[in-house]
Amino acid sequence: MLDTTGNYTGQIADRAAVHADGLWHKAVVLFIISPDRQRVLLQKRNQSKKLWPGLWGVGVGCHVDAGEFGYQAIIREATEELGLQLSEHDPLFIGCSTSSQDLGSIKDNHFNEYYVLERDFDPSTLALQVEEVDEARWFDLADLTTRIQNNYDGITDEAGCWQYLLKYLEA
């Protein structure tokens, strides 16, 4: 757990308590982009997910477990959700932000870390975690940008998250 300024508190809480009580915690995102920067891999979230069921979301995203660093959480989750093997040098850290959402029963207060992986592969070769991910596929950057501009058409409405990706791709 973190305090409101991002310092570790030494407390540990499970996901249910974190979301019920609005406790500040760390979350990480991995944007997977093609080397030519024209495609972005998205995963379709399983219908059973509490947040954004059935919508397309970032390549990898998760909470950071107690005792973990952000890049370690990315490596863990890429393996769990996609069967994608990464080394500690693969994810490139590109920035951080805070986000707060009150969705009724879920009060989500995050310190977010953003990472990028530039890699090309056939998504059909991924070993998807069926409880989390229904599908993974490449989206053309132009299509994704249009979806963002059209009130997040068919994708998660994580505004700050998508803005980090677009800013990175502008560089």
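The values are calculated or read from the model by the stated rules, or taken from the named source; none is laboratory data. Note that this is a predicted model, so its numbers are computed, not measured. Cβ: placed from backbone, ideal geometry, glycine included. Neighbour counts: every protein chain shown. When the accessible area is computed, the model is the full protein with side chains, heavy atoms only, and any ligands, DNA or RNA have been set aside. Shrake-Rupley method; radii C 1.70, N 1.55, O 1.52, S 1.80 Å.
Comparing Cα centroids, segment 96-171 and segment 1-51 end up 11 angstrom apart. If you take all other residues with their beta carbon under 13 Å from the beta carbon of residue 25, and give Lys and Arg +1 and Asp and Glu -1, the sum is -4.
In Å², and per residue, what accessible area does the chain have when probed at 1.4 Å with the other protein chains present?
Numbers: 8790 Å² over 171 residues.
For the chain, the per-residue accessible area is 51 Å².
Run the helix sum for the chain: -39,500 (n - 2.57) per DSSP H stretch of 4+ residues, divided by residue count, reported at 222 nm to the nearest 500 deg cm²/dmol. Write out the running numbers ahead of the final one.
Working: 4 runs with 36 residues, N = 171.
The per-residue figure over the chain is -6000 deg cm²/dmol.
Where does the charge balance sit around residue 75 when Lys and Arg score +1, Asp and Glu -1, over other residues with C-beta under 9 Å from its C-beta? Spelling it out: positives minus negatives among the neighbours equals -2. The C-alpha atoms of the chain define a longest principal axis, and helix 159-170 lies at about 40 degrees to it. Considering every alpha-carbon pair of segment 1-111, the percent of pairs per 10 Å bin, from zero through the bin containing the longest distance, is 13, 42, 36, 9, 0.
Relative intensity of segment 116-171 on a log10 scale, I(q)/I(0) at q = 0.18, 0.23, 0.26 Å⁻¹, equals -0.79, -1.13, -1.21, per a Debye sum over C-alpha point scatterers of equal strength in the absence of solvent. Charge tally for residue 120 (other residues, Cβ to Cβ under 13 Å; Lys, Arg +1; Asp, Glu -1): 0.
When all alpha-carbon pairs of segment 46-114 are counted, what percent fall beyond 16 Å? The partial results should precede the final answer.
Values: 1334 of 2346 pairs.
Summing the P(r) tail past 16 Å for segment 46-114 gives 57 percent.
Heavy-atom surface analysis with a 1.4 Å probe gives segment 60-109 a carbon and sulfur content of 52 percent of its accessible area. Report, by chain and number, residues whose modeled amide H sits under 5 Å from the one on residue 24, excluding near sequence neighbours (fewer than 5 apart, same chain). HN-HN under 5 Å from residue 24: 2.
Alpha-carbon geometry of segment 46-171: the Rg and the Dmax are 14.5, 39 Å, given in that order.
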